[in-house]
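Only one structure is covered here, and it is reproduced in the block below.
The values are calculated or read from the model by the stated rules, or taken from the named source; none is laboratory data. Predicted model only: the values in this text are computed from it and were never measured. So basically every Cβ, Gly included, is an ideal-geometry build from the backbone, and we count neighbours across all protein chains shown. With ligands, DNA and RNA removed, areas are computed over all heavy atoms of the protein, side chains included. Shrake-Rupley method; radii C 1.70, N 1.55, O 1.52, S 1.80 Å.
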Amino acid sequence: MKLSRKTALGAVVAVSTLLTTVACGGGADSGKTSSAGKVIVPDPGGDLGKAMKKAFFDPFEKATGIDVVPASGEFDAAVVLTGVKAGAPAFDLVNINGAVLQRFRDGQALEPIDYKVWKDGVRDKIAPVKAADDAVPAYFISVVPAWSTDKLGGQKLTSWADFWNVQKFPGKRTLAPGSWGAGSATFEIAALADGVAPDDLYPIDYDRVFKSLDRLKPNLVKFWETGAEPIQLLTGGQATVASAWNGRVAGAEDKGAPVAGTWNEAILQYDNWAVLKGAKNAANAQKLLAFMMEPGPQAEFANAITYSPANSAAFDTLSADRAALLPTSPKNIASAVTQDYEWWTATAPGSDKSNEEVAIERWQAWVSK
């Protein structure tokens, strides 16, 4: 499964990098250690990495004296699991996409979250997905219908059915490839476009999904490969309508680009924080996680990037204008559809493969026609 966004799903860590890390007992920056110790985390880079540093890592270091060491290179589940199995995890605290989390659970690769070090009441505020015994939602993002205001003028999409309506909203379309499985949200999008009610979305009816995609296929200019690409296609004129991550749409609008989006039927996705089994700095990882989930740092994070905080109490201190840009604000989440990662990772009926693996296989057969 190709995972395109570290902001959502991560990318690839070279195996040689992991082996070097295991041999040396830490990341490239592991020599950075204060008397209070350290905690090693993957560095997501980009705006997400900057937001984490500003809202979480720097304030935590100042408050505790514990060094947060972002390890270079991005996150690949198979490689990280290999390190855990070898008894030498490359990181202490990791950020795992919801569709991948079950692989870590199946591999018994996670430590229990130590909620005793959390402040009272914080765990109860984690929403709309609850904190689990071994993982905590990190942030929420949405895949939304977006369009070129240059191409459509004053017309506005209000649903994925509008996305499919090329008569009312003429022009080429672009979606994320289904080869990403749950990460693309394309299967949910196609089902909703065909009239499936959000409450009836799972289990996903693959036959219905691919019939829906058949109708749109003549109008697809391409399947986008990076988070930036749908905006590039919209502003470059190659596409009129696109699925896109909400942060990309908001960022483009802030820069004056002729794009817009709707929150209606947004597909809500999320990543999880978890402590790896055998983490050398597990105690410090638990402390960092507890700090990050407090409402203050959560609000700072949401002010630094247009991802929703996992702690719903953060909205109490966010401005109305900022909340309007976030997927889980009370107004925006009312019409959102949260991806069911438990379904995606469950074994498909009559198969030894997960629902996601079956979906990807069917996608590959469909796209090659």
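Observations
- A convex hull fitted around the alpha carbon atoms of segment 195-328 yields 173 Å³ per residue.
- Kirkwood Rh, angstrom, segment 136-273 [1 / mean 1/r, Cα pairs]: 15.0
- Choice from K156, K38, K277 showing the highest fluctuation, given a GNM over the chain with Cα pairs closer than 10 Å: K156
- Considering only R105, R123, R173, the mean-square fluctuation computed in a Gaussian network model of the chain, springs between alpha carbons under 10 angstrom, is largest for R105.
- Dimensionless Rg over Rh [the chain; C-alpha; Kirkwood]: 0.97
- Sulfur and carbon atoms: percent of accessible area, the chain [1.4 Å]: 50
- Most mobile of N97, N246, N332 in a GNM of the chain (Cα contacts under 10 Å): N332
- Directionally averaged projected area (segment 62-151, Cα convex hull): 9.9 nm².
- Nonlocal Lys pairs with alpha-carbon distance under 21 Å, segment 37-163 (8 or more apart, or different chains): 12
- Ranking A324, G236, P170 by how far each Cα lies toward the positive end of the dipole of the chain (charges on Cβ) leaves G236 at the top.
- Secondary-structure-derived ellipticity at 222 nm for the chain, considering helices only, amounts to -9500 deg cm²/dmol, per-run term -39500 (n - 2.57) for DSSP H runs with n ≥ 4.
- Across the protein chains, with a 1.4 Å probe defining accessible surface, the residues T174, T226 rank T226, T174 from largest area downward.
- Contact order for segment 143-276, expressed relative to its length and based on alpha carbon pairs under 8 Å spaced 6+ residues apart, stands at 41 percent.
- Charge dipole of the chain (Cα centre as origin; +1 on each Lys and Arg Cβ, -1 on each Asp and Glu Cβ, all else neutral): 620 debye, rounded to the nearest 20.
- Value of relative contact order over segment 167-217, rounded to a whole percent, pairs C-alpha under 8 Å and six or more apart: 27
- Each of Q286, T262, G107 was scored by the projection of its Cα onto the charge dipole of the chain, and the greatest displacement toward the positive side belongs to T262; charges sit on the C-beta of Lys, Arg, Asp and Glu.
- Computed over segment 126-196, Kirkwood Rh from alpha-carbon pairs, angstrom: 14.5
- Summed over the residues of the chain and divided among them, the accessible surface reaches 42 Å² per residue at a probe radius of 1.4 Å.
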